[in-house]
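Below is one structure, written out as C-alpha cells; comments come after it.
The values are calculated or read from the model by the stated rules, or taken from the named source; none is laboratory data. Here the structure is a predicted model, which is why all the values come from computation and not from measurement. Please note: Cβ atoms are built from the backbone with ideal geometry, for glycine as well, and neighbour counts cover all protein chains shown. Protein only, heavy atoms only, side chains kept; ligands, DNA and RNA dropped before computing areas. Shrake-Rupley method; radii C 1.70, N 1.55, O 1.52, S 1.80 Å.
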Amino acid sequence: MMRSTIFTEKVPGPWVLKPRSEASASGIKKFSSKDDLWAELESLGEERHLFLLESFKPGDVYHVDSLTFNKEIVFTSASKYLAPPMQVSHEGGVFRSKTLGRYSEEFKALDEVNAKVLSSFGLLNGATHTEFIRGKADGKWYFLETSSRVGGAHIPDLVEASSNINIWREWAKIEDALLRGKSYKASKPTGYYSGLIVALIKDKHPDYTAFESEEAVSFLPIDYHVGIVYKSTDPDIIQERLDSAAEKIQAEMLNILPPKSKLTS
C-alpha cells in the first residue's frame with residue numbers, strides 16, 4: 001500500500017488497476033477517486049501483488065501485430081481501435097478496429113516505437129501483440145502493454161485481410177525453421193485496408209444478409225456474436241462500412257452483459 005500511496009501522490013488520476021497475467025480487458029478497473037482505489041486494494045487483500053496500478057492516459061488506442069525471427073522484426077501490421085477493448089468490456093458496445101496505411105505518419109511512428117519496445121522486451125522469435133496510446137492532450141505515444149502472442153478478438157483475421165499474412169501460420173513456419181536450422185522470410189504484404197467488427201448479440205446465429213457487400217470478405221462463425229471483416233483499397237470505404245454496421249448492430253442486435261464487479265486475476 002505504501003508504494004501505491006507514493007505512486008498516486010506523484011501521478012495524478014485517473015488510474016487503472018489491472019491483472020498482471022490476464023490477456024483480456026475484462027479484469028481491468030478505472031478509478032478517479034483515491035478512496036475508491038484504496039477500498040479496492042483493501043478488498044484484494046493478499047492478492048494485491050497480482051495486480052498492476054497504472055496511470056490512465058486518455059487518447060486513441062492502437063495495436064501493432066508483429067513477427068520476429070532471430071531478433072529481427074520481419075513483419076508489422078499497425079491498426080487503430082475505433083472502440084478499445086477496455087471500453088467495450090466495461091461499457092458494452094461494438095468492438096471495431098481498422099488497419100493503417102503502411103506509408104502513413106501513424107504507421108511509421110508505431111513501427112518505430114514498436115521496434116524499441118520489442119528490442120527492450122528481448123524477444124528472439126515469434127508473434128507479438130503490442131498496444132500504444134496516443135495522448136489526447138499532447139499527441140505523444142505511450143506504451144500500454146505487449147505480449148509474446150497473437151492478438152485476440154479475431155485480430156489475425158483483420159491483419160490477413162489487409163496483408164495476406166496469416167500470423168498463426170507464419171509463426172508456425174518460424175518455429176519450423178528454427179527446429180530445422182533453416183532461414184525464414186515473410187512474404188511481402190499486400191497493401192489493402194481492412195476493418196474488423198465484433199459484437200455480442202442476442203441470437204446464436206446472426207442473419208448477415210443486410211451486411212453483405214463487396215467489401216465484406218468474411219463473416220466470422222462465433223456463437224451469439226456478429227463478426228465481420230472488411231477489405232478495400234479505399235480506407236474511407238472501410239470506415240463507412242464499420243460505421244454503418246455498428247449503427248445497425250447497436251439498434252437491432254446488440255446484447256450487453258454487465259462487467260464483473262470484482263477484479264479477477
Please give the number of the condition Pro206 fails out of (1) surrounded by fewer than 11 Cβ atoms within 10 Å (Cβ to Cβ); (2) not in a helix (DSSP H, G or I). (1)
Looking only at the stretch 190-203, which residues are closer than 28 Å to Ala78 by Cβ and open to solvent by less than 40 Å² (accessible area, probe 1.4 Å)? Ser194, Gly195, Leu196, Ile197, Val198, Ala199
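With respect to Asp243, is the statement that it is part of a loop (DSSP other than H, G, I, E, B), at negative phi, open to solvent by 40 Å² or more (accessible area, probe 1.4 Å) and at pLDDT 95 or above true? Steps first, answer last, please.
Working: part of a loop (DSSP other than H, G, I, E, B): no; at negative phi: yes; open to solvent by 40 Å² or more (accessible area, probe 1.4 Å): yes; at pLDDT 95 or above: yes.
No: the conditions fail for Asp243.
From the list Val113, Val159, which residue is closer than 21 Å to Pro58 by Cβ and at pLDDT 95 or above? Spell out the reasoning first.
Details: Val159 fails: closer than 21 Å to Pro58 by Cβ.
Being closer than 21 Å to Pro58 by Cβ and at pLDDT 95 or above holds for just one of Val113, Val159, which is Val113.
Keeping to the stretch 109-139, report how many residues are farther than 30 Å from Asp176 by Cα and surrounded by 13 or more Cβ atoms within 10 Å (Cβ to Cβ).
Applying the first criterion (farther than 30 Å from Asp176 by Cα) to the stretch 109-139 yields 109, 132-139.
Filter again for surrounded by 13 or more Cβ atoms within 10 Å (Cβ to Cβ), leaving 109, 132-135.
So the count comes out to 5.
Of the residues Val217, Val226, only one is within 19 Å of Ile238 (Cα to Cα), outside any helix (DSSP H, G or I), open to solvent by 20 Å² or more (accessible area, probe 1.4 Å) and not acidic (Asp, Glu); which? Give the steps one after another, and end with the answer.
Working: Val226 fails: open to solvent by 20 Å² or more (accessible area, probe 1.4 Å).
The match here is Val217.
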